[in-house]
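Novice: Here you go, one structure.
The values are calculated or read from the model by the stated rules, or taken from the named source; none is laboratory data. Keep in mind it's a predicted model, so treat the numbers as computed, not measured. Here the Cβ positions follow ideal geometry from the backbone for every residue, glycine too, while neighbour counts run over all protein chains shown.
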Amino acid sequence: MKAMILAAGVGSRLRPLTHETPKALVDVGGAPVIEHVIRRLKSAGVGEIVVNLFHLGDRVAAFLRSKDNFGLRIELSREVELLDTGGGLKNVAWFFDDDRPFFLHNVDVLSEIDLGALFRFHQAHQALATLAVQCRPSSRLLLFDQEGQLCGRETGEGVQWAKAPLPGAERLAFTGIHVIDPAIFPGMIETGIFPIMQTYLRLAGEGEKIIACRVDGKYWQDIGSVEKLEQAREAVAKGRLRARC
């Protein structure tokens with residue numbers, strides 16, 4: 001099983017911490033956040049990972065070498081400019097050459113979501129992409145129809161629909177964890193720098209199966225800001241999130 005960890009971001013909301021430390025190496029409970037993510041993926045059966053790098057990428061590479069890549073095959077994708085989530089994934093399409101679904105996981109996300117169950121859900125529903133989502137407050141929400149099919153996205157700038165507006169669409173928060181079938185790559189017609197959600201919305205509008213998997217009740221925390229980082233550290237200290245899962 002394979003995975004990609006999105007680790008190229010500059011961590012602007014974590015400054016000044018990320019002036020000297022890449023977001024992937026920010027410490028939570030005695031281990032860099034990327035270690036938490038790798039160990040979670042490994043425990044779910046992942047044996048091969050590609051990590052995209054940009055800001056202070058050499059430090060991330062050195063850390064992985066110091067850990068003997070956690071006993072996994074780990075490839076690095078160094079970006080000369082930030083390609084965003086969609087561009088970053090499309091840039092490593094070569095890695096996913098076994099025709100099997102794979103995980104896409106943000107590096108700044110810590111959770112106790114059952115990744116194995118998420119993978120099985122994806123397989124059972126034969127989706128092109130499955131998005132782990134929760135019912136919780138968020139400034140950015142994904143909209144799903146009664147069948148759990150992605151139909152829109154809501155941000156502070158308004159709602160973007162995949163097709164026509166759908167009254168009563170369910171609004172759910174995305175966790176930054178996906179399972180994707182490599183059949184998506186021929187359909188990624190976007191080029192250069194683009195977010196994966198742009199591709200998802202277009203494909204959903206064309207009838208492709210981009211679906212929700214509810215993971216309510218599972219601990220989840222991103223460390224995108226100093227406040228959220230402290231919340232994650234507190235969760236580890238209190239035992240809500242197991243350190244170095």
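Novice: Yes or no: region 13-22 includes at least one residue that is closer than 11 Å to residue 107 by Cβ and of a type in the set (A, V, I, L, M, F, W, C). Break it down stepwise before answering.
Specialist: If we filter region 13-22 for residues that are closer than 11 Å to residue 107 by Cβ, which is where we start, we get 22.
Subset that is of a type in the set (A, V, I, L, M, F, W, C): none.
No, there is no match, as no residue in region 13-22 is closer than 11 Å to residue 107 by Cβ and of a type in the set (A, V, I, L, M, F, W, C).
Novice: Continuing with the same structure: Give me the pairs, please: first residue somewhere in region 150-166 and over 15 Å from residue 199 (Cβ atoms) and at pLDDT below 95, second residue anywhere and among the β-branched types (Val, Ile, Thr) and assigned to a strand (DSSP E or B), beta-carbon distance under 6 Å, and either six or more positions apart or on two chains.
Specialist: none
Novice: Related question: Taking residue 5 as meeting all but one of (1) β-branched (Val, Ile, Thr); (2) assigned to a strand (DSSP E or B); (3) farther than 25 Å from residue 122 by Cβ, write down the number of the exception.
Specialist: The one condition residue 5 does not meet is (3).
Novice: Sticking with this one: Considering each of 162, 183, 237 in turn, give the residue that is under 19 Å from residue 130 (Cα atoms) and in contact with a Gly (Cβ under 8 Å, 6 or more places away or on another chain). Let's see the steps before the verdict.
Specialist: Numbers: 183 fails: in contact with a Gly (Cβ under 8 Å, 6 or more places away or on another chain); 237 fails: under 19 Å from residue 130 (Cα atoms).
From the options 162, 183, 237, the qualifying one is 162.
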